[in-house]
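Okay, structure first, notes after.
The values are calculated or read from the model by the stated rules, or taken from the named source; none is laboratory data. Please read all numbers here as calculations on a predicted model, not as lab measurements. We place every Cβ from the backbone using ideal geometry, glycine too, and count neighbours over all the protein chains shown. With ligands, DNA and RNA removed, areas are computed over all heavy atoms of the protein, side chains included. Shrake-Rupley method; radii C 1.70, N 1.55, O 1.52, S 1.80 Å.
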Amino acid sequence: MDPRRITVGLDRSPAARAALAWAVRRAGRCGATVLVVTAWPDVDRAVARSDGTLPAGQVRLHRMQRDAIATALAGLDTTPLVVREIIYAAPDAALAHAAAGADLLVIGGDQGTPGRLADALRRRLDGTRVVRGSAAQLVVVRAPDVARTTTARPFTPARPTTPGTPNRPTAPPRPTALGAAA
């Protein structure tokens, strides 16, 4: 069954941008709506408020979302409807809240394990599944493997790696579905 609504978490990381790109491609293929969510935790807002940079911080987040969405949509044959929101909460709380009613919740992950955010979201989604009878399926999209060298090299598309194997180019990254939709 194709998703009707896809929620994706976006921050400044390459993994989050890869997740957004995957989500809009998927939405374009199946006609889904994409909700792009950026969390702004209380601690970060408090620091911005005390520094006097709160309005500038809000503008930066809106611009970051706008630019990332434009980049993700560039070159798509079918452009899905994309809605964006900044939620004033911790990332796991913001994404779990925004995923209410979504079929997929997409986040970026590093080259290692999905991490603390994925674990926290999994727990929250499991709780939602118990209370409501359904919840979004969590999908983790791996970050591109960007070379950290001092010499200029062309960008290499994302490459999934398996521990203990040579790091050689393979197929583009595949999302990892965590948990089953009820």
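For ASP119 and ASP44, the FRET efficiency from 1/(1 + (r/R0)^6), where r spans their Cβ atoms and R0 equals 30 Å, is about 0.90. What a 1.4 Å probe finds exposed on the stretch 1-82 is 53% carbon and sulfur by accessible area, rounded to a whole percent.
Could you tell me the relative contact order of the stretch 1-114? Use alpha-carbon pairs under 8 Å, at least six residues apart, and round to a whole percent. About 44 percent, as a whole number.
Each peptide among 86-98, 47-59, 68-80 gets the average number of other Cβ atoms lying within 10 Å of its residues, and from highest to lowest they stand as 86-98, 68-80, 47-59. If you look at the Cα atoms of the stretch 1-100, you get an Rg and a Dmax of 14.2, 48 Å.
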